[in-house]
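K.L.:
Just dropping this structure here.
The values are calculated or read from the model by the stated rules, or taken from the named source; none is laboratory data. Everything quoted here is computed from the prediction, not taken from an experiment. As a convention, Cβ positions derive from the backbone with ideal geometry for all residues, glycine included, and neighbour counts pool all protein chains shown.
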Ligand SMILES: *Cc1c(COP(=O)(O)O)cnc(C)c1O
């Protein structure tokens with residue numbers, strides 16, 4: 001599939017859901033992909049990309065930024081507090097705010113740097129022990145805690161369990177967002193982005209369907 005194909009499928013899903021065209025943003029997940037493939041997508045005019053490791057992103061995006069303006073970079077993988085500064089300097093959005101210690105680090109840096117990326121709280125909707133994210137029942141309190149630190153929370157993010165119906169998880173994420181007055185929903189990947197758009201995703205994170213299979217998994 002090409003970028004154009006995926007974008008077209010998103011537009012159809014938006015239309016079917018009675019949503020305005022462009023209301024679900026396509027984040028092209030470029031982690032691990034060779035630079036030539038990423039560059040091809042940049043050449044098509046796409047500017048919105050997702051990475052899941054700070055180190056990897058810092059190694060490739062500053063170079064691209066010299067040649068392509070208006071990049072919109074999203075961190076979609078785990079963030080250690082000691083990499084928070086680098087992440088805040090590179091990314092326009094961080095989708096993986098999932099614990100008080102990280103919230104405190106981001107709040108402190110936001111003061112110091114005078115700016116803050118858009119923030120999404122990651123919710124572990126499947127309550128999987130190996131997965132990052134705040135448990136659903138603790139989400140409301142954590143969101144409030146972040147807001148009390150003057151962090152602006154754009155929305156919520158989830159990665160449903162691989163072997164479960166994703167729509168249940170997308171619906172749950174949507175409910176938590178609504179009751180907390182949040183408008184952003186980062187959900188949906190290569191296999192389920194149309195379902196996510198139907199259930200209100202404002203950001204879908206699509207990697208392999210655009211770039212082809214990754215040479216290795218992280
Ligand atoms: C890798 C990754 C994606 C993209 O996955 P694909 O199945 O290749 O579309 C989306 N979200 C997160 C958090 C990821 O780590």
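K.L.:
Before we move on, is residue 168 modelled with pLDDT of 95 or more, closer than 23 Å to residue 9 by Cα and over 17 Å from the mean Cα position of the chain (by Cα)?
P.N.:
Answer is yes for this residue.
K.L.:
Are any residues in segment 60-91 within 17 Å of residue 118 (Cβ to Cβ) and exposed (fewer than 13 other Cβ atoms within 10 Å of the Cβ), and if so, which ones?
P.N.:
Scanning segment 60-91 gives a single hit, 70.
K.L.:
If you take the residues of segment 114-140 that are in a helix (DSSP H, G or I) and under 19 Å from the mean Cα position of the chain (by Cα), which of them is nearest to residue 86 (Cα to Cα)?
P.N.:
Taking the candidates together, the pick is 139.
K.L.:
Could you pull out the residue among 13, 57 that is crowded, with 17+ Cβ neighbours inside 10 Å and touching a strand residue (DSSP E or B) at 6+ places or on another chain (Cβ under 8 Å)?
P.N.:
Unique residue meeting the criteria: 57.
K.L.:
Here's a follow-up. What are the residues in segment 30-68 that are within 16 Å of residue 79 (Cβ to Cβ) and either touching a residue at least 60 places away in the same chain (Cβ under 8 Å) or away from the ligand (no atom under 16 Å from the Cβ) (or both), if any?
P.N.:
31, 50, 52, 53, 58, 61 - these are the residues of segment 30-68 that are within 16 Å of residue 79 (Cβ to Cβ) and either touching a residue at least 60 places away in the same chain (Cβ under 8 Å) or away from the ligand (no atom under 16 Å from the Cβ) (or both).
K.L.:
Tell me, please, whether a residue that is within 13 Å of the ligand (Cβ to nearest atom) and under 26 Å from residue 12 (Cα atoms) can be found in segment 111-124.
P.N.:
yes
K.L.:
Another one. Does segment 101-113 contain any residue that is more than 26 Å from residue 6 (Cα to Cα) and part of a loop (DSSP other than H, G, I, E, B)?
P.N.:
no
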